[in-house]
Amino acid sequence: MKAILVGQGAMGKKHLNRLSALGLSFEAVLDSNEDLDRFTASLPSLSKSDTLVVIASPASTHAFHASFFLKQGFSVFIEKPIATSAIEARELLSIKKPSQALFVGHSERYSPGFQLFQKEFPAFLPKTASLHFTRCHPYSPRCRDVNVALDLLTHDLDCFFSLFPNETDDSFDIIKSVLSKDQDQATLIIKKILENRIPLTVEFNVNRNASFSERKIELFDNQNNIIKTFSFLDAQDPIKDTLFYEYEALFNAIQKPDSSIEKERLESACLAVETALKITSNPSESF
């Protein structure tokens with residue numbers, strides 16, 4: 001299978017190396033609009049069914065590049081977030097044809113840590129009153145074209161939505177949302193309505209300017225006692241790591257691009273963006 005890479009930053013280089021090792025042949029690495037303009041003339045000669053476009057450019061350009069290549073007939077693997085506006089995200093779904101894969105790189109849902117949590121969560125749900133998602137890391141120059149909600153929170157929102165397929169924005173209520181003035185910290189608290197039980201409170205905290213790294217989900221009972229903690233920073237298998245499982249899901253999406261699971265994943269990616277965009281800076285709130 002052939003591939004085209006758009007964006008050669010840290011994540012783009014990682015995808016280039018790992019996917020090449022899996023046998024993909026990269027026909028081009030495009031790192032600027034000039035590169036894209038020069039390469040456009042070569043597009044008609046490429047097989048649309050046998051060429052994957054990998055988009056790892058800055059987040060603010062995701063929708064532009066995805067729209068261009070989808071309209072050309074290619075399948076697209078796009079880093080998260082799928083777009084930086086709700087309208088752009090939904091437009092991509094309308095452009096995509098049933099024969100085309102549109103796969104969003106919400107890698108956390110494929111991590112071994114989250115897969116374990118997802119497997120065990122149903123057994124804990126009856127006694128769980130609240131979930132706390134925490135994601136933080138020290139300052140990095142990556143993804144500075146969007147705020148922390150679009151950068152980090154979309155990961156955890158996608159993970160949460162994957163627990164409840166067919167989620168919509170009217171199946172939960174936003175109780176609190178705070179974005180720091182520097183846009184590097186955010187807190188979101190929602191209440192998820194569930195049948196035959198009290199609502200589930202879910203708190204998300206993200207920080208991309210922290211003094212340490214942490215990714216975890218904590219479960220609490222109705223007395224605010226902790227039930228269990230799932231950490232996602234534990235040592236991973238050097239071969240079967242998060243990207244291994246993400247690529248496995250990617251290749252499944254290429255084989256069955258219009259399956260129900262792919263529709264659910266795309267809906268989750270859009271809903272994550274729509275929810276993240278509802279968080280705005282509030283000078284009266286502090287962390």
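Worth a mention:
- Against the list (1) within 19 Å of residue 273 (Cβ to Cβ); (2) surrounded by 12 or more Cβ atoms within 10 Å (Cβ to Cβ); (3) under 19 Å from the mean Cα position of the chain (by Cα), the condition residue 215 fails is (1).
- Within segment 212-227, residues that are on the phi > 0 side of the Ramachandran plot reach partners that are surrounded by 13 or more Cβ atoms within 10 Å (Cβ to Cβ) and not charged (D, E, K, R) with beta carbons closer than 9 Å, at six or more positions or on different chains, in the pairs 224/129; 224/130.
- Test: residue 191 is in contact (Cβ under 8 Å) with a residue 60 or more places away in the chain and either among the basic types (Lys, Arg) or on the phi > 0 side of the Ramachandran plot (or both): no
- Failed item, numbered, when residue 113 is tested on (1) more than 21 Å from residue 79 (Cβ to Cβ); (2) in contact (Cβ under 8 Å) with a residue 12 or more places away in the chain: (1)
- A count restricted to segment 163-178 and to residues that are out of contact with any Ser or Thr (no Cβ under 6 Å at 6 or more places or on another chain) and either closer than 22 Å to residue 209 by Cα or not charged (D, E, K, R) (or both) stands at 11.
- Of all residues in segment 141-183 being surrounded by 13 or more Cβ atoms within 10 Å (Cβ to Cβ), assigned to a strand (DSSP E or B) and without any contact (Cβ under 8 Å) to a residue 60 or more places away in the chain, the one that is farthest from the chain's Cα centre (by Cα): 175
- Check on residue 138, assigned by TED's automatic domain parsing to the domain that holds residue 232, outside any helix (DSSP H, G or I) and at negative phi: yes
Here's the yes/no breakdown for (1) assigned by TED's automatic domain parsing to the domain that holds residue 141; (2) closer than 20 Å to residue 131 by Cα:
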residue	(1), (2)
203	yes, yes
233	yes, yes
262	no, no
265	no, no
279	no, yes
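- Selected residue (criterion: nearest to the chain's Cα centre (by Cα)) from residues of segment 45-91 that are aromatic (Phe, Trp, Tyr) and over 24 Å from residue 168 (Cα atoms): 64
The values are calculated or read from the model by the stated rules, or taken from the named source; none is laboratory data. Source: prediction; values computed, not measured. Cβ atoms come from the backbone with ideal geometry, glycine included; neighbour counts cover every protein chain shown.
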